Amino acid sequence: MKGLEQVYKIYHKSRGEGFAILQQERGDFLRKHIGQNKQILDIGCRDGQLTSTYLEGNTVTGVDIDAAALARAAERFGITTIHADLNDEWSFTNTTYDVVVTCEFLEHIYFPEQVMQKAKQLLKPDGIFIGTVPHAFSLQSRVKLLFGNKSGTPLQDPTHINHFTYREFRDMLERNFSDVHIEGLTPKRYSLFARFFPYLFAHDLMFVAINKSS
């Protein structure tokens, strides 16, 4: 784990402590769908900055590869933490949860659908799988890439292994969960266009899916 953990220590340090992209918008979405009185597993929680937006009234366990970030999450927000490389086998399978959160994480992992399947096994019947991923193929990104410019697009981030289209990501969710709902998180300057093309201009895809009991 040491090599990959060092990569993410450097990456997190470059972004700064307490950083969470689009925190207000994503936090509002998470609170709305999570509610309270839930046992929650937050995979890829970093230092807990986004976790703090839905922590009130819930019990959260955070998982991350960066031990230093986890220590800050535990100190600042009092959450339980698990230090793990989520590309490996998961050893923390003796607990089930009402909610599994994965925000800006699936694009960093080698086999995202396997993560969905593992998360599903940790969810109680009718539990919620929720989170966000960058939308790599927004129209804005496509235009930039057409001219060989990846600045401001998900391709700019060297730690992004996967780059999701809306359809690809939706299909992956629907193979593993029921009642899949996806919202596009669109910059305000494109809000008019988003009324007609809700995913084409989206910067992020915010999703919630249910682990329906059979």
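So here's what we get for this one:
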{"read-out": "Order of Arg46, Arg142, Arg76, Arg189 - criterion: other Cβ atoms within 10 Å of each residue's Cβ, fewest first", "value": "Arg189, Arg142, Arg76, Arg46"}
{"read-out": "Proximal charge balance of Ile182 [Cβ under 13 Å; K/R count +1, D/E count -1]", "value": "-4"}
{"read-out": "Residue order, fewest to most beta carbons within 10 Å, for Asp171, Asp98", "value": "Asp171, Asp98"}
{"read-out": "Two-decimal Rg/Rh across the chain, once Rg and the Kirkwood Rh are taken from alpha-carbon atoms", "value": "0.95"}
{"read-out": "Neighbourhood net charge (12 Å Cβ-Cβ; Lys/Arg +1, Asp/Glu -1) for Pro134", "value": "-3"}
{"read-out": "Rg(Cα) / (2.2 N^0.38 Å) computed for the range 1-91, rounded to two decimals", "value": "1.06"}
{"read-out": "Order of Glu17, Glu89 under a 10 Å beta carbon neighbour criterion, fewest first", "value": "Glu89, Glu17"}
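Rule-based calculations on the coordinates, nothing more; no lab input. Worth saying up front: this structure is predicted, and the values here are computed from it rather than measured. Ideal geometry is used to build each Cβ from the backbone, glycine not excepted, and the neighbour counts take in all protein chains shown.
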